[in-house]
1. Taking the condition acidic (Asp, Glu) and either more than 28 Å from Ala199 (Cα to Cα) or in contact with a helix residue (DSSP H, G or I) (Cβ under 7 Å, 6 or more places away or on another chain) (or both), does Glu183 pass?
2. Please identify the pairs in which a residue from the range 57-80 that is free of Cβ contacts under 8 Å to residues at least 24 places away in the same chain has its Cβ atom under 9 Å from the Cβ atom of a residue that is open to solvent by less than 10 Å² (accessible area, probe 1.4 Å) and β-branched (Val, Ile, Thr), counting only partners at least 6 apart or on another chain.
3. Of all the strands (runs of 3 or more DSSP E) wholly in the range 217-334, which have at least 1 residues that are among the basic types (Lys, Arg)?
4. Being of a type in the set (A, V, I, L, M, F, W, C), under 27 Å from Leu337 (Cα atoms) and part of a strand (DSSP E or B) is the filter here, so list the residues in the range 124-177 that pass it.
5. Condition test on Ala248, is it within 16 Å of the ligand (Cβ to nearest atom) and open to solvent by less than 30 Å² (accessible area, probe 1.4 Å)?
6. Examine the range 268-277 for a residue that is buried (at least 18 other Cβ atoms within 10 Å of the Cβ), of a type in the set (Gly, Ala, Ser) and within 16 Å of the ligand (Cβ to nearest atom), and state whether such a residue exists.
7. Among the residues of the range 97-111 satisfying the criterion of being within 11 Å of the ligand (Cβ to nearest atom) and not hydroxyl-bearing (Ser, Thr, Tyr), which is surrounded by the most Cβ atoms within 10 Å (Cβ to Cβ)?
8. I'd like the full set of residues that are within 16 Å of the ligand (Cβ to nearest atom), among the aliphatic types (A, V, I, L, M) and part of a helix (DSSP H, G or I), limited to the range 50-82.
Amino acid sequence: EKGNYRHFMEKEIHDQPEGCQRTIAAYVDTLTTRTKIPGDIDFAKIDRIQIVACGTAYIAGLLGKYLIERMADLPVDVEVASEFRYREPALNAGSLAIAISQSGETADTLAAFRYCQAKGMQSAALVNTVESTIAREADVIWPIHCGPEIGVASTKAFTAQVAMLSALAVAAARQRGKIDEAEENRLVRVLLEAPRLIAESINLEEAVRAIAVDVSKARDVLYLGRGPMYPMALEGALKLKEISYIHAEGYAAGELKHGPIALVDEATPIVILAPFDSYFEKSASNMSEVMARGGQVVFITDPEGERNAPAGARVVVTAPKCDPLIAPLVFSAPIQLLAYHVAVQKGADVDQPRNLAKSVTVE
Ligand code: F6R
């Protein structure tokens, strides 16, 4: 039940520290501070990972790609299942297929997953619903354990999927000899800190709500980010459009000059996601370009990023400082809360957005 919350989505946003805590507990050993990934998969032997998914689950997969490729030096392809299933993709039996699906019933994801299995690939299902079709048909089930998700817009399932993929990246890096045991221990401790830091970033709700009042008047909103904050920009835009009906687009910040900059004017809020990481300088310079054209920037960063913000940056949401491994988890709440409060401000039906269904079992 919703308890004291107005909507399931709001409750599920607030459930995320606990949801992620359960996910992480399933994939790390707290005594040895090592990862544990069920299934007979040798990450040192597989040549590639193919992720298939739709919507928010696809975006979780993109984050998995960024983490796994950088940390484990293992190629990962991610594709929306509806394209993948019909374009006759070239696959190798030595690769691992991962279907990501909250419901485990999405028709396109299931068909894409079956296509991989028919090519002889090992298959793993990253699902919330363990009794689902996708779970039943998989060689290995990786449950996310975040509890049932009722709101049509996915929130806690997304962060739980990303939490599992973060643990997977650490495990794959270790098995492939890219990190030593001490580094694995350190990264596991970072993962174990995530629930507390997610809770801290949920505490930014009041600041985000104030910003939402302005954003709710916009016709279009742009989200920009680099590195893992690029998929996060896609997720921010998807959440906003699906529940508030404001047109929103997520872009890799480096693409700004290649098109979207034409949209920048005083009436278009630009949400820039930029923790103080190795991409920060570049994102900050995109921010200056946007501000020079009168764009209203909503800058979501961390304390170090706030100190180093380009002159003129005004609307700032400061998430807690964290290791880059868990930045997507920590930056999720502000973008979800922004979409949520914009939708509430507009009087939209947050839990049942028009034209959308929780589980898409037809293609
Ligand atoms: C967005 C959203 C959808 C789902 C997509 C996949 O907030 O909820 O984009 O992520 O329909 O659903 P599952 O994960 O059940 O396969």
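1. It is false that Glu183 is acidic (Asp, Glu) and either more than 28 Å from Ala199 (Cα to Cα) or in contact with a helix residue (DSSP H, G or I) (Cβ under 7 Å, 6 or more places away or on another chain) (or both).
2. Every condition considered, the pairs that remain are Lys65/Ile49; Lys65/Ile51; Lys65/Val76; Glu69/Val76.
3. It comes to none.
4. Residues satisfying the conditions are Leu126, Val127.
5. Yes, satisfied.
6. The answer is no; no qualifying residue exists.
7. Ile100
8. Ala57, Ile59, Ala60, Leu62, Leu63, Ala81
The values are calculated or read from the model by the stated rules, or taken from the named source; none is laboratory data. These figures come from a predicted structure and were not determined experimentally. Methodologically, a virtual Cβ is constructed for each residue, glycine included, from the backbone with ideal geometry; neighbour enumeration extends over all protein chains shown. Please note that ligands, DNA and RNA were not included when accessible areas were found on the heavy atoms of the full protein model with its side chains. Shrake-Rupley method; radii C 1.70, N 1.55, O 1.52, S 1.80 Å.
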